[in-house]
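K.L.:
Structure in structure tokens, see below.
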Amino acid sequence: MFIQTATTPNSDALQFIPGVPVLGSEGAANNMRTIEYNSPREGLKSPLATRLFAIEGVKGIMYGSDFVTVRKDTDHPWQLMKPDIYAAIMDHFSSGRALIREDSSDSSSKGVAEEEDSEIVSEIKELLESR
């Protein structure tokens, strides 16, 4: 597996492109969907995010249709982090494991409005779901 990288406007974030679908490729709606984890606790829903958060300096992870974006702490250089990130991504996609654990019920990543959501959040989720 050959993993490409792409820069982002944020110098503390890099996009890793594994050459395989990250978030399912069925349907145009899923191609536009992203899932973001901003803490190790949020990342428990995903085996790959759990492994990436174990790398010193990782502060956030975002999955897209064909990429994984990793955000780091400014004090940690990419040169020291990239080998571990490459290894985690390669091992995950080579293993065939699911990206998101089946038992996780993350309604925000599914775009489903819940009762405790504010009115604005509910409207945003409805708009995203309709596209």
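The values are calculated or read from the model by the stated rules, or taken from the named source; none is laboratory data. Note that the structure is a prediction, hence the values are computed from the model and not measured. Cβ coordinates were reconstructed from backbone atoms using ideal geometry, including for glycine residues, and neighbour counts include every protein chain displayed. Side chains included, ligands, DNA and RNA excluded: accessible areas come from the protein's heavy atoms. Shrake-Rupley method; radii C 1.70, N 1.55, O 1.52, S 1.80 Å.
K.L.:
Tell me, yes or no, whether the stretch 65-72 has at least one residue that is in contact (Cβ under 8 Å) with a residue 60 or more places away in the chain and farther than 25 Å from D103 by Cα.
P.N.:
Yes, some residue in the stretch 65-72 is in contact (Cβ under 8 Å) with a residue 60 or more places away in the chain and farther than 25 Å from D103 by Cα.
K.L.:
Here's another thing I want to ask about it. Before we move on, is S105 open to solvent by less than 50 Å² (accessible area, probe 1.4 Å), modelled with pLDDT under 90 and over 24 Å from F16 (Cα atoms)?
P.N.:
So S105 fails the test.
K.L.:
Considering only the stretch 8-102, give the strands (runs of 3 or more DSSP E) lying wholly within it that have at least 1 residues that are surrounded by 18 or more Cβ atoms within 10 Å (Cβ to Cβ) and in contact with a Phe, Trp or Tyr (Cβ under 6 Å, 6 or more places away or on another chain).
P.N.:
35-37, 58-63, 68-72
K.L.:
Considering only the stretch 112-131, I want to know if a residue exists there that is at pLDDT below 90, among the basic types (K, R), surrounded by fewer than 12 Cβ atoms within 10 Å (Cβ to Cβ) and out of contact with any Phe, Trp or Tyr (no Cβ under 7 Å at 6 or more places or on another chain).
P.N.:
Yes; the residues of the stretch 112-131 include at least one that is at pLDDT below 90, among the basic types (K, R), surrounded by fewer than 12 Cβ atoms within 10 Å (Cβ to Cβ) and out of contact with any Phe, Trp or Tyr (no Cβ under 7 Å at 6 or more places or on another chain).
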